[in-house]
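Asker: Here it is, the structure in full.
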Amino acid sequence: MPTSPDSPLYNSRIFDSYLKLLRKRYPNVDTHALLAHAGMKRHEVSDPGHWFTQRQVNRFHEKLVQATGEQGIAREAGRYSASPEVLGPLRSFFLGMIGPEYIFYFINRIAPRFTRSSRCTARKTGPREIELTVAFNEGVQENPRQCENRVGFFEAAFLLFDHDFPEIEHPECVFKGGEVCRYLIRWRPSMTNRLLLAQRVISLFLLAGLLGDLFYNHTLLGPALFLGLLAYLSFTLLSRNVERKALLSSLTSMRGSSERLLSQVQENFDRALAINEIGQVIATRTELGEILSSVNQVLHKRLGYGRGIVVLLDPQRNTLVLQGCFGLTTEDEERVRSIEFPLAAASSPGVLVSCFRTQQPVLVGDIEEIRGQAEPENYALISALGVRSFICAPIVCEGEALGVLAVDDASREGGLLQSDLNLIQGIAPVIGISVRNAMRLANERRLSDQLRKASEHLERRVAERTSELSQAYAELEYLYDSVSHDLRTPLRVIYGYGELLLEGYGDKLDDPAKEYLASIIKGGERMEETLDRMLDFSEVKSALPALQPVDLSLMALRIMSELRITDPKREVSLEIEDGVVVTGDEKLLASVMENLLGNAWKYSALKGCTRIAFGQNDGICYVRDNGEGFDMAQAGKLFLPFQKLHDGSRFRGHGLGLSMVRRMLERMGGKVWGEGRPGEGATFYFTLPPADTR
């Protein structure tokens with residue numbers, strides 16, 4: 001994939017050597033302005049894991065030459081990289097090789113540590129001559145000073161081994177029309193090699209002198225041999241001294257590197273142990289306060305961060321609230337708790353709020369960078385606490401921001417680095433998982449408590465209403481019995497005397513009086529029928545069903561035969577399915593069928609042809625007619641006592657039939673419902689449970 005001017009290509013260690021060179025040899029240069037012009041930050045240059053873009057590099061070199069007035073500053077910086085304070089652990093790696101030429105043999109492995117812009121290969125062309133080829137990746141456009149800096153690095157490789165500057169030719173360069181940058185490097189033997197060569201020559205001279213002394217007069221060769229032996233011993237001591245100094249320097253460098261590596265190993269171990277302990281916290285803690293307190297202890301104890309805070313979104317979701325901290329005194333904690341982090345602020349949001357909103361981590365290498373962004377009182381407090389640099393990482397779970405984790409270390413020299421940001425960025429989501437789990441568990445506990453209280457309240461209300469309903473039902477049953485029995489005698493007296501009056505004195509009454517008297521008698525009879533129905537309705541509850549197989553088909557035929565006698569002239573079409581046998585109480589089922597078929601007969605009386613059907617489908621019995629039907633919006637009133645959906649002047653009835661049907665079927669464990677359309681008839685369905693389930 002082609003690179004762009006904004007692709008990260010060059011490691012920060014390249015520019016760290018520039019800054020160290022400027023501090024030592026160009027102390028008057030304002031490095032802060034230099035980095036600001038290039039879009040670099042000091043903590044980014046100090047971080048060995050950070051990479052810069054070609055655009056930043058070009059601006060850096062432009063400002064650097066302008067500030068120093070030195071056109072060759074890039075090559076000088078490359079040479080300076082040989083100093084111990086610049087290379088660091090790489091110096092020990094290089095010194096572990098036999099000579100500088102071996103560094104170039106491994107150039108294809110070393111170069112990617114510093115640049116991603118090119119590929120470097122080496123080829124030996126002579127005893128002390130190497131050809132290096134640098135091929136740039138697609139889209140990379142370096143500047144000439146980077147080529148000079150690269151030459152300085154090549155020279156630095158020889159300075160490491162106390163060599164003289166090598167002779168470097170640049171026969172092909174991309175800045176002069178070449179496809180690659182090609183370098184020919186030649187060098188002379190080092191001082192140690194020269195001393196060893198002299199020592200070997202003198203050894204041969206001494207050997208030749210000893211052989212001559214055996215065959216010639218040793219008197220003449222004695223002084224020469226003595227001088228040769230003295231020269232041999234001198235060169236030997238000198239070469240040993242040079243080797244000892246080189247070895248001591250290498251050992252010193254390796255010791256420092258080993259100490260740094262051990263420190264890095266310990267740091268990596270602490271980080272791994274911290275992540276493990278945080279995982280254990282998540283697995284063993286359920287309360288939010290305990291989780292945050294334990295995580296803070298791990299960050300302080302294992303990772304060595306001096307201070308830190310955890311702010312979480314408040315329940316109203318309009319501000320960030322301090323929920324945990326470490327490394328702060330009680331007084332400082334109160335001062336930090338007084339800082340407000342409103343999410344809906346009209347002014348420029350602070351670093352923590354911005355981190356929360358964007359869900360992106362932030363490394364502030366110098367708090368001067370945020371002076372204009374933070375509130376003046378907040379910035380004054382941060383400065384008073386001695387904060388120089390800090391890291392903010394969003395606490396996110398399932399794509400939702402829950403809060404922010406912020407840490408700083410006032411005691412660390414050089415401030416926090418990109419590696420710290422990567423670590424905190426990896427820990428923050430783990431905290432997010434634990435926070436979300438704690439919140440969910442707290443919600444579950446709260447909901448469980450609310451449900452428990454609601455359930456207890458509902459149980460009390462159900463018990464109260466059940467008691468009230470039972471009392472009302474008992475009173476209603478008593479009313480049914482009382483009305484059915486107590487009103488029957490006076491009612492019979494009323495219409496009985498009416499009948500006697502009509503029989504004994506009918507010839508003395510005029511026609512209107514006879515009509516009035518007939519209405520009284522007829523109303524009394526209807527009232528007595530209603531009382532009988534009410535008594536039947538009350539008795540249904542107390543009746544104990546006697547379950548047995550009942551043939552409903554035969555029962556339907558019998559009922560329809562009786563109904564046809566009442567109106568023999570009516571045209572009737574019957575469809576009664578054979579063999580419909582159910583298990584239930586025969587008396588109750590007879591009443592059910594009489595009511596359903598009687599309604600079908602009554603409400604289809606005005607049709608030219610009465611059509612009534614009875615059958616069973618998938619265990620559901622039905623009675624269908626083509627009568628008046630009903631509006632389904634009124635279906636809820638069908639089975640209520642004394643409710644009528646049709647005009648009483650057209651269809652006689654007392655309004656208890658269907659309510660009795662429902663009660664009787666419920667007594668047998670069944671249910672009933674109806675469907676209909678006005679003017680198109682109705683269908684009533686009922687079910688009974690199988691015999692083996694009752």
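The values are calculated or read from the model by the stated rules, or taken from the named source; none is laboratory data. All figures in this text were calculated on a predicted structure; none of them were measured in a lab. Cβ coordinates were reconstructed from backbone atoms using ideal geometry, including for glycine residues, and neighbour counts include every protein chain displayed. Note: accessible area is taken over every heavy atom of the protein model, side chains too, but ligands, DNA and RNA are not part of it. Shrake-Rupley method; radii C 1.70, N 1.55, O 1.52, S 1.80 Å.
Asker: So which residues in segment 30-59 are over 23 Å from VAL362 (Cβ atoms) and buried (at least 20 other Cβ atoms within 10 Å of the Cβ), if there are any at all?
Answerer: Hits for segment 30-59 are LEU34, GLN54, VAL57.
Asker: OK, next. Please go through segment 606-618 and pick out each residue that is modelled with pLDDT of 90 or more and in a loop (DSSP other than H, G, I, E, B).
Answerer: Across segment 606-618, the qualifying residue is only CYS609.
Asker: Taking only segment 181-199 into account, find how many residues are crowded, with 16+ Cβ neighbours inside 10 Å, assigned to a loop (DSSP other than H, G, I, E, B) and modelled with pLDDT of 75 or more.
Answerer: 1
Asker: Okay, next question. Give segment 167-184 a look and list any residue that's touching a residue at least 24 places away in the same chain (Cβ under 8 Å) and touching a Lys or Arg at 6+ places or on another chain (Cβ under 9 Å), or say none.
Answerer: CYS173, CYS181, TYR183
Asker: Could you grab me the full set of residues in segment 562-604 that are in a strand (DSSP E or B) and closer than 22 Å to GLY676 by Cβ? Lay out the reasoning, then the answer.
Answerer: Just the residues of segment 562-604 that are in a strand (DSSP E or B), to begin with: 572-576, 581-585.
Across segment 562-604, the qualifying residues are VAL572, SER573, LEU574, GLU575, ILE576.
Asker: In addition: Take VAL430 and decide whether it is aliphatic (A, V, I, L, M), surrounded by 17 or more Cβ atoms within 10 Å (Cβ to Cβ) and under 26 Å from the mean Cα position of the chain (by Cα).
Answerer: On the way: aliphatic (A, V, I, L, M): yes; surrounded by 17 or more Cβ atoms within 10 Å (Cβ to Cβ): yes; under 26 Å from the mean Cα position of the chain (by Cα): yes.
Judged against the criteria, VAL430 is a match.
Asker: I've got another one for you. Looking at LEU312, LEU320, LEU343, can you tell me which residue is in contact with a Lys or Arg (Cβ under 8 Å, 6 or more places away or on another chain), open to solvent by less than 70 Å² (accessible area, probe 1.4 Å) and modelled with pLDDT of 80 or more? Walk me through it before giving the result.
Answerer: Numbers: LEU312 fails: in contact with a Lys or Arg (Cβ under 8 Å, 6 or more places away or on another chain); LEU320 fails: in contact with a Lys or Arg (Cβ under 8 Å, 6 or more places away or on another chain).
Selected residue: LEU343, the only one of LEU312, LEU320, LEU343 that is in contact with a Lys or Arg (Cβ under 8 Å, 6 or more places away or on another chain), open to solvent by less than 70 Å² (accessible area, probe 1.4 Å) and modelled with pLDDT of 80 or more.
Asker: Does segment 350-364 contain any residue that is farther than 19 Å from ALA428 by Cα, in a loop (DSSP other than H, G, I, E, B) and either touching a residue at least 60 places away in the same chain (Cβ under 8 Å) or open to solvent by 40 Å² or more (accessible area, probe 1.4 Å) (or both)?
Answerer: no
Asker: Right, something else. So PHE158 ticks every box in (1) outside any loop (DSSP other than H, G, I, E, B); (2) open to solvent by 40 Å² or more (accessible area, probe 1.4 Å); (3) not charged (D, E, K, R) but one. Which box is left unticked?
Answerer: (2)
Asker: Let me ask another. From the list ALA454, ALA442, ALA401, exactly one residue is in a helix (DSSP H, G or I) and at pLDDT 80 or above. Which is it? First the steps, then the outcome.
Answerer: Values: ALA442 fails: at pLDDT 80 or above; ALA401 fails: in a helix (DSSP H, G or I).
None of the others qualify; the one that does is ALA454.
Asker: Go over the candidates GLY372, GLY327 one by one and state the one that is in contact with a Lys or Arg (Cβ under 6 Å, 6 or more places away or on another chain) and either more than 17 Å from SER389 (Cβ to Cβ) or modelled with pLDDT under 80 (or both).
Answerer: GLY327
Asker: Taking LEU547 as the residue in question, decide whether it is open to solvent by less than 80 Å² (accessible area, probe 1.4 Å) and within 19 Å of VAL672 (Cα to Cα). First the steps, then the outcome.
Answerer: Working: open to solvent by less than 80 Å² (accessible area, probe 1.4 Å): no; within 19 Å of VAL672 (Cα to Cα): yes.
In short, no.
Asker: Continuing with this model, one more query. Collect the residues in segment 22-62 that are farther than 25 Å from GLN141 by Cβ and among the aromatic types (Phe, Trp, Tyr), keeping them in residue-number order.
Answerer: Correct list: TYR26 only.
Asker: Do we have VAL281 as modelled with pLDDT of 80 or more and in contact with a Ser or Thr (Cβ under 7 Å, 6 or more places away or on another chain) here? Give the derivation first.
Answerer: Numbers: modelled with pLDDT of 80 or more: no; in contact with a Ser or Thr (Cβ under 7 Å, 6 or more places away or on another chain): yes.
In short, no.
Asker: Could you list, in sequence order, all residues of segment 502-561 that are assigned to a helix (DSSP H, G or I), at pLDDT 80 or above and closer than 30 Å to ALA613 by Cβ?
Answerer: LEU552, SER553, LEU554, MET555, ALA556, LEU557, ARG558, ILE559, MET560, SER561 - these are the residues of segment 502-561 that are assigned to a helix (DSSP H, G or I), at pLDDT 80 or above and closer than 30 Å to ALA613 by Cβ.
Asker: Considering segment 620-640 alone, what residues qualify as being at pLDDT below 90 and surrounded by fewer than 17 Cβ atoms within 10 Å (Cβ to Cβ)? Steps first, answer last, please.
Answerer: Filtering segment 620-640 for residues at pLDDT below 90 gives 627-640.
Those that are at pLDDT below 90 and surrounded by fewer than 17 Cβ atoms within 10 Å (Cβ to Cβ): ASP631, MET632, ALA633, GLN634, ALA635, GLY636, LYS637, LEU640.
Asker: Checking the conditions here, which among PHE205, PHE175 is open to solvent by 40 Å² or more (accessible area, probe 1.4 Å), at pLDDT 85 or above and farther than 22 Å from LEU21 by Cβ?
Answerer: Values: PHE205 fails: at pLDDT 85 or above.
Answer to the check: PHE175.
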